[in-house]
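What follows draws every value from the coordinates through simple rules; no lab data is involved. Note that this is a predicted model, so its numbers are computed, not measured. Cβ coordinates were reconstructed from backbone atoms using ideal geometry, including for glycine residues, and neighbour counts include every protein chain displayed.
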Amino acid sequence: MMSQITRDESDYYNQGMFYYDHGQYDDAIRSYDMALTINSDDHEAWICRGVALFELGRYDEAIASYDTASRINPFDPAPWRNRGIARCELGQYDGAMESFNQALAINPEDPGAWYCYAVACSKLDRDLDALESFEKVVAIDPDYSNAWFNIGVLLYKQGRYEKAVESFDLAIQTDPVFPEAWNNRGIALGRLGRYDDAFASIDNAHAMDPECAGHDHDLALKKQWLAELWCV
């Protein structure tokens, strides 16, 4: 008679990772739950469980998992950052910023936490704080293309079109296939009266993503709806 194989915590944890990687989030959660019945102090399993719940849109439950992970290991910024992202999905931007601040208190050099903090600031129309935070992102990670893009958006809103173009250029430099950046670069160039460059940039955006920008080559019409193409 064969002896029964006993599965340990790592078996269930790895199984959960496998299910998560294959988009089977409910199965992943069940696997993490099994791992946690063996070791309820595994803060990584609580984080992974929260991430799987997040993917299913179960944000409050995800936050509860992240809270447990933080209680077990208060020195890990990941559950605080993830908690903030979940609160953003719930529209709780003030609470999200508190979570991101906690993550940044642990690791002030985390570009992802600064980026998320900046996004929450933008949602609250705190554009100056958002701009400062996006600039901290690229100071830490100069290749963070989404941060450069958002810097360009905020500079454009301030009427600083030359600087906006420079930021969109840096976004494109790190991610050449970034249709929103190409499109918004074109808009900013248009505001500077550089219409040939503007149209070429918008055409690049259209070639990458026809939904991002219009494709009318008539100058007068393009000038008329230039501002309406803004991809934010």
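By how many nm would the segment from A207 to E9 grow when fully extended, if each residue of separation counts as 0.36 nm and the alpha-carbon distance is taken off?
On the way: separation 198, 0.36 × 198 = 71.28 nm, distance 4.94 nm.
Answer, rounded to one decimal: 66.3 nm.
If you average over every viewing direction, what projected area does the convex hull of the Cα atoms of the chain give, in nm²?
Working: hull surface 61.8 nm².
Directional mean of the projected Cα hull area for the chain stands at 15.5 nm².
Given the options N14, N101, N150, state which has the largest fluctuation in a GNM of the chain using a 10 Å cut-off (strictly under) for Cα springs.
Comparing N14, N101, N150 in the GNM, the peak value goes to N14.
I need the Kirkwood Rh of the stretch 22-94: take the reciprocal of the average 1/r across all distinct C-alpha pairs and report it in angstrom. Walk me through the numbers on the way to the answer.
On the way: mean 1/r = 0.0829 Å⁻¹.
After inverting the mean inverse Cα-Cα distance, the result is 12.1 Å.
Could you order the peptides 202-209, 138-145 from most to least packed, using the average number of other C-beta atoms within 10 Å per residue? Can you show the working numbers first?
On the way: 202-209: 19.2, 138-145: 17.1.
Descending mean neighbour count gives 202-209, 138-145.
Label N107 and D175 with points 7 Å out from Cα along Cα→Cβ: what is the distance between them in nm?
Placing both labels 7 Å along Cα→Cβ, they lie 2.0 nm apart.
Using only helices, what value at 222 nm comes out for the chain when you add -39,500 (n - 2.57) per DSSP H run of length 4 or more and divide by the total residues, to the nearest 500 deg cm²/dmol? List each step's numbers first, then the result.
Numbers: 13 runs with 169 residues, N = 232.
Calculated mean residue ellipticity at 222 nm is -23000 deg cm²/dmol.
Over the chain, calculate the relative contact order: mean separation of alpha carbon pairs under 8 Å at least 6 apart, over the residue count, as a percent. Walk me through the numbers on the way to the answer.
Values: 343 pairs, mean separation 20.0, N = 232.
It comes to 9 percent, rounded to a whole number.
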